[in-house]
Amino acid sequence: MSKVEENVFEKLEKEIAWPTSDLRFSHVGGRIPKVRTLQEVASPCIYAFKFCKPIVQVDGTWLYGKYKRTLLVAVAQDGNDNIIPIAYALVEGETKEAWSFFLRNLRSHVTPQANICLISDRHESIKSAYNNLNNGWQHPPSKHVFCVRHIAQNFAREFKDNALKNKVISMGYSMNESTYRYYRREIGIVNPEALKWLDNIPRQDWIQAFDGGSRWGQMTTNLVESMNAVLKEPRNLPITALVQSTYYKTGTLFPTMAKQHASILASGQIYTEKCMTFMKSEIRKSNSHRVDCFDRSNHTFMVHETVVPKEGRPIGHFSINLPNKWCDCGKYQAKHMPCSHVIAACSSIKYDYWSLISEVYKVETVLKVYSEAFQPIH
């Protein structure tokens, strides 16, 4: 690190008057540091995450300005699929030490809850930082899963076969074991070595059918990469201006979103637009299903499709277990909203299927995400 950069880091906290109650701002490194890190976490983001889906996406991107550094970003998602930045860090590069510092503070200050799902690419430094017991991601328990798109890209570089790459993506998105087995068989027939390569990646780390619903349907790191695109212009700024810019962008987002969702809640709407769109589609499909009740007292059913699904797959037959929140199709577990089969089963016994929707998708929950205001800085 140059002397100029050293001075910037030493003076940054003095140049910006951070309200101590509103921002957690950390730095590490000695006079000649191995790694120098600045981390920005605003307290409204800490509060907001409590009401978001329990997933976090992380990624790193470079700065364009005079100081060639890397910006690490963590984002969450609310119940209307809006992206919320929850932490940033400026580091010298995507090293094991830098990611360890970032993930440790992210876990400590923002995401201390159990059963959080961390989604990233397969960068060795991220894996090392996550697996480091001192960083807190093992206790309480959490999951670390990988972006399907990055796995497919690595696969294509290894085997130079775009048709198989598309099957790999489809296999990753499989919501149930039968669909997974279908694509696994297809890949194995064409290239057994390619299948061996995929089998070296634990299936629960990248295949939706085996993640227990922990991803909430997020199979890529598109959320955090979208945030990197939003920050493209600020990444040209000097370090002090960059930190101010990220704070202001997030600070102005919150009151705008709060006003929007307060208006929706006042109109009497209970669930978010994204949730309502999903439910209307599933309700329409449920009208053509036939239901056999196996055990009414235990709420177990067999649901038969009578119309060929628009996805192009064959007509299916799916077992439902309402107490276990289970449908063989896998969509109920993945989305945390009832699929058409669950809706049909509930309708057959006059059970309120709206009660099976996660609280995250309620407008009042989303309003809480944006309820804390940012304090001005100068």
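Worth a mention:
- Placed amide H near Asp59: partners under 5 Å, 5+ positions off or other chain: Val73
- Of the trypsin sites (Lys or Arg not before Pro) found in segment 147-203, those that fall in a DSSP loop while having at most 16 other beta-carbon atoms within 10 Å are Lys160.
- Theoretical ellipticity at 222 nm over the chain - DSSP helices of four or more residues, -39500 (n - 2.57) apiece, nearest 500: -13000 deg cm²/dmol
- Here the Gaussian network model covers the chain, with springs between Cα atoms less than 10 Å apart; of Ser178, Ser170, Ser286, Ser178 fluctuates the most.
- Dipole of the chain [Lys/Arg +1, Asp/Glu -1 at C-beta], most positive-end residue of Pro85, Thr240, Val307: Val307
- The residues packed around Gly188, meaning those with a beta-carbon under 11 Å from its beta-carbon, carry a net charge of +2 if Lys and Arg are +1 and Asp and Glu are -1.
- Each of Ser297, Gln260, Ser281 was scored by the projection of its Cα onto the charge dipole of segment 237-355, and the greatest displacement toward the positive side belongs to Gln260; charges sit on the C-beta of Lys, Arg, Asp and Glu.
- Note on segment 220-266 and segment 98-134: Cα centroid distance 22 Å, given to the nearest whole angstrom.
- In this Cβ point-charge picture (+1 for Lys and Arg, -1 for Asp and Glu), the chain has a dipole of about 300 debye about its Cα centre.
- Only Lys, Arg (+1) and Asp, Glu (-1) charged, at Cβ; segment 210-308 dipole about Cα centre in debye: 280 debye
- Charge dipole magnitude, Cβ of K and R +1, D and E -1 - segment 299-378, Cα centre, debye nearest 20: 120 debye
- For Leu118, solvent-accessible area (1.4 Å; no DNA, RNA or ligand), Å²: 0 Å²
- Using a probe of 1.4 Å, the accessible surface attributed to Glu372 totals some 70 Å² when neighbouring protein chains are kept in position.
- Accessible-area composition of segment 87-216, carbon plus sulfur, in percent [1.4 Å probe]: 48 percent
- Which of Ile151, Ala114, Ser348, positive extreme of dipole for the chain (C-beta unit charges): Ile151
- Here, the chain yields an orientationally averaged convex hull projection of 21.1 nm² when only Cα atoms define the hull.
- Placing R0 at 41 angstrom, the Cβ-Cβ distance between Lys350 and Ser371 gives a FRET efficiency of 0.70 after rounding to 0.05.
- Accessible area per residue was computed with a 1.4 Å probe on protein heavy atoms; Ile264 scores about 40 Å².
- Each 10 Å bin, from zero up to the one with the longest distance, holds this percent of the alpha carbon pairs of segment 149-278: 10, 27, 22, 22, 16, 3.
- Proximal aspartates and glutamates to Lys143, defined as alpha-carbon separation beneath 14 angstrom and excluding residues fewer than eight positions away on the same chain: Asp121, Asp205, Asp211
- Using a probe of 1.4 angstrom and keeping all protein chains present, the accessible surface of the chain works out to 47 square angstrom per residue.
- When each of Lys165/Lys335; Lys249/Lys362; Lys232/Lys285; Lys335/Lys368; Lys66/Lys165 is checked by Cα-Cα distance, pairs over 30 Å: Lys232/Lys285; Lys66/Lys165
The values are calculated or read from the model by the stated rules, or taken from the named source; none is laboratory data. If you're wondering where the values come from, they're calculated on a predicted model, not measured in any experiment. No Cβ is skipped: glycine too gets one built from the backbone with ideal geometry, and neighbour counts run over all protein chains shown. Accessible surface areas use protein heavy atoms only, side chains included; no ligands, DNA or RNA. Shrake-Rupley method; radii C 1.70, N 1.55, O 1.52, S 1.80 Å.
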